[in-house]
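One structure is given below, encoded as C-alpha cells.
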C-alpha cells in the first residue's frame, strides 16, 4: 500500500536560493490597480482590473524591488512579500 503524504510534505519546498514570493489576499483587494503600475513585470490585471500574481519565487532583483514598492503602496494591504 502506498504511503499517504500530507499536503504540506507534498509541496515542493523552497530552497535557500529561491527568492521571495508575492502573495495577494483577494478578499481584501479592491482592484485599485496601483500595484500593477508599480510592478508591471510582476503583476498583471484581469478584465475587471484586479491583480494577477504568479506563485513563482521572484529571483530578479528588479522584480523584487517592484514587488516591494507595490506592497508598500497597496491601500488595502492586500499584497504580501513572503
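Quick look at the values:
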| quantity | calculated |
| --- | --- |
| The lone exception for residue 82 - which of (1) closer than 11 Å to residue 20 by Cβ; (2) out of contact with any helix residue (DSSP H, G or I) (no Cβ under 6 Å at 6 or more places or on another chain); (3) at pLDDT 95 or above it fails | (3) |
| Those residues of the range 32-66 which are in a helix (DSSP H, G or I), more than 14 Å from residue 78 (Cα to Cα) and out of contact with any helix residue (DSSP H, G or I) (no Cβ under 7 Å at 6 or more places or on another chain), in sequence order | 37, 61, 62, 63, 64, 65 |
| Output for the range 2-25, where each listed residue is modelled with pLDDT of 95 or more and assigned to a loop (DSSP other than H, G, I, E, B) | 20, 21, 25 |
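The values are calculated or read from the model by the stated rules, or taken from the named source; none is laboratory data. As the structure is a computational prediction, the values presented were derived from the model and not from experiment. A quick note on method: Cβ atoms are made from the backbone with ideal geometry, for glycine too, and the neighbour counts reach across all protein chains shown.
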